[in-house]
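Notes to accompany the following structure.
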Amino acid sequence: MLSLRILLVFCCLGSSLCAVDYYLDSIHGSDSADGTSEETAWRSLKRANQENYQPGDVIHLRSGQVFVGYFHSNNSGSEDQPIQFKSYGDGPKPRIEARAQAQSAFLLENVSHWIVEGIEITNTGTEPQAKRRGLLIKANAGGVYGNIILRKLTVRDVNGSVSKDKGGGTAIRWEVSNKKQPTRIDRLLIEDCHILRSDRDGIKGMMEPWDDLSNLSTRVIIRGNLLEDIGGDGIVPIGTEGALIEYNRLYGARQRIQNLDTHEGAHYAGPSVGIWPWSCKNTHIRFNEVWNYAGTFDGQGLDSDFNCSGTLFEYNLSAHNAGGFFLVCNWSKHQDSGQSIGN
């Protein structure tokens with residue numbers, strides 16, 4: 001494979017168009033093949049994880065097939081040549097089944113310029129495990145990462161912990177750490193995805209430290225997604241400036257959580273709301289629907305939460321949510337300590 005890459009680079013000297021299409025076929029492929037055509041496809045994600053991808057490369061999974069394992073990459077594309085991960089051939093979406101072999105079934109770490117489209121992802125273990133993820137975007141190495149598109153994905157059956165305090169679990173998640181050096185994401189689009197039976201959360205961000213609003217991620221858009229049967233929170237932007245959350249639908253959250261009607265059960269699971277920002281500025285939440293949240297801790301459709309300013313909710317629908325329509329909250333101890341700007 002190295003000799004092929006060297007040959008391609010030599011042939012493309014003087015041109016920005018030096019990209020390779022890679023193919024995976026879990027039935028007919030071979031990891032000893034070069035992977036660069038349908039006839040010479042790789043067989044496994046393990047082989048795909050070994051490749052050093054370059055701008056413009058495309059990783060194709062054969063439709064209708066199951067790929068057991070996980071996909072992890074720290075390679076970046078370029079502004080005009082993103083790396084793409086998609087399907088080929090006819091049939092249902094190809095499915096990545098992590099089966100708890102990794103904490104995250106699909107991980108992009110410190111990367112920019114990616115398009116992930118038309119793939120199904122599951123991560124189900126024999127027992128629930130805290131911090132289990134479907135797809136995770138991680139940024140912690142300093143600088144700005146982004147221009148990442150997640151589109152038309154199905155992420156389902158991620159059995160993390162239903163307990164917020166124990167670490168939860170998430171279908172689609174981004175994490176930004178500023179502990180060592182300033183890091184943020186610019187341009188993240190999560191669009192037209194279907195999330196089903198995820199514990200604990202659907203789509204969620206995280207920023208560390210959470211109380212520092214000096215280097216927020218920008219141009220985050222979460223649009224047109226369908227979330228069903230989520231164990232906890234639905235959509236939670238954290239650590240963003242000017243995020244847009246629109247045209248999403250959330251149905252039937254926390255319906256599977258046992259003993260949610262008891263004090264012990266509710267506090268074990270922790271509070272949950274359909275859509276809410278935290279540690280954000282100027283979040284715009286519009287044209288969303290949230291139906292049938294179970295439990296009253298918290299159980300609202302929408303929430304304007306603390307350490308935020310400029311949050312705008314408009315044209316949203318909340319129906320049959322046990323906690324009601326709308327929560328507005330603050331936590332005075334964090335405001336008194338200077339950790340929170342209030343709400």
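The values are calculated or read from the model by the stated rules, or taken from the named source; none is laboratory data. Keep in mind the model is a prediction, meaning the values are calculated, not measured. Glycine gets a Cβ as well: all are built from the backbone with ideal geometry, and neighbour counts include every protein chain shown. For accessibility, only protein heavy atoms count, side chains too; no ligands or nucleic acids. Shrake-Rupley method; radii C 1.70, N 1.55, O 1.52, S 1.80 Å.
Being hydroxyl-bearing (Ser, Thr, Tyr) and open to solvent by 40 Å² or more (accessible area, probe 1.4 Å) is the requirement here; does TYR70 meet it? So TYR70 passes the test. Here the condition is being of a type outside the set (Phe, Trp, Tyr) and in contact with a Cys (Cβ under 7 Å, 6 or more places away or on another chain); of ASP233, ASP305, ASP261, ASP336, it holds for ASP305 alone. Among residues of the range 65-82 that are free of Cβ contacts under 8 Å to residues at least 24 places away in the same chain, none has a beta-carbon under 6 Å from a residue that is part of a loop (DSSP other than H, G, I, E, B) and among the hydroxyl-bearing types (Ser, Thr, Tyr) at least six positions away or on a different chain.
For ALA141, the conditions (1) among the aliphatic types (A, V, I, L, M); (2) within 25 Å of LEU260 (Cα to Cα); (3) in a loop (DSSP other than H, G, I, E, B) are fulfilled apart from (2). Could you grab me the full set of residues in the range 286-338 that are on the phi > 0 side of the Ramachandran plot and open to solvent by less than 40 Å² (accessible area, probe 1.4 Å)? GLY295, GLY299, ASN307, GLY324 - these are the residues of the range 286-338 that are on the phi > 0 side of the Ramachandran plot and open to solvent by less than 40 Å² (accessible area, probe 1.4 Å). Looking only at the range 80-116, how many residues end up being outside any strand (DSSP E or B), out of contact with any Pro (no Cβ under 9 Å at 6 or more places or on another chain) and not small (Gly, Ala, Ser)? Of the residues in that region, 9 qualify.
The C-beta contact set for the range 326-343 (first residue modelled with pLDDT of 95 or more and β-branched (Val, Ile, Thr), second residue surrounded by 15 or more Cβ atoms within 10 Å (Cβ to Cβ) and not in a strand (DSSP E or B), distance under 8 angstrom, 6+ apart or interchain) comprises VAL328/ASN343; ILE341/LEU213; ILE341/ASN307; ILE341/CYS308; ILE341/GLN335. Of all residues in the range 116-131, those satisfying the criterion of being more than 13 Å from CYS193 (Cβ to Cβ) and without any contact (Cβ under 8 Å) to a residue 60 or more places away in the chain are THR122, ASN123, THR124, GLY125, THR126, GLU127, GLN129, ALA130, LYS131.
What number goes with the only condition from (1) among the hydrophobic types (A, V, I, L, M, F, W, C); (2) within 21 Å of the chain's Cα centre (by Cα); (3) more than 29 Å from SER177 (Cα to Cα) that LEU250 does not pass? Against the list (1) among the hydrophobic types (A, V, I, L, M, F, W, C); (2) within 21 Å of the chain's Cα centre (by Cα); (3) more than 29 Å from SER177 (Cα to Cα), LEU250 comes up short only on (3).
Residues checked against (1) open to solvent by 20 Å² or more (accessible area, probe 1.4 Å); (2) within 19 Å of the chain's Cα centre (by Cα):
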{"position": "VAL20", "(1), (2)": "no, no"}
{"position": "GLY35", "(1), (2)": "no, no"}
{"position": "ASN52", "(1), (2)": "yes, no"}
{"position": "GLY56", "(1), (2)": "no, no"}
{"position": "PHE85", "(1), (2)": "no, yes"}
{"position": "ASP90", "(1), (2)": "yes, no"}
{"position": "GLN101", "(1), (2)": "yes, yes"}
{"position": "GLU109", "(1), (2)": "yes, yes"}
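If I filter the range 191-206 for residues that are polar (S, T, N, Q), open to solvent by less than 10 Å² (accessible area, probe 1.4 Å) and more than 24 Å from CYS308 (Cα to Cα), do I get at least one hit? Yes, the range 191-206 contains a residue that is polar (S, T, N, Q), open to solvent by less than 10 Å² (accessible area, probe 1.4 Å) and more than 24 Å from CYS308 (Cα to Cα).
Looking across the range 145-166, the residues that are open to solvent by less than 50 Å² (accessible area, probe 1.4 Å) and under 23 Å from GLN129 (Cα atoms) come down to LEU153, THR154, VAL155, ASP157, VAL158, ASN159, GLY160, SER161, VAL162, SER163.
Scanning the range 207-230 for residues being closer than 21 Å to GLY242 by Cβ and either of a type in the set (A, V, I, L, M) or crowded, with 24+ Cβ neighbours inside 10 Å (or both) gives a total of 8. Do we have ALA139 as of a type in the set (A, V, I, L, M, F, W, C) and either surrounded by fewer than 17 Cβ atoms within 10 Å (Cβ to Cβ) or on the phi > 0 side of the Ramachandran plot (or both) here? No: the conditions fail for ALA139.
Counted as qualifying within the range 242-294 are the strands (runs of 3 or more DSSP E) with 2 or more residues that are of a type in the set (A, V, I, L, M, F, W, C), namely 244-246, 289-291.
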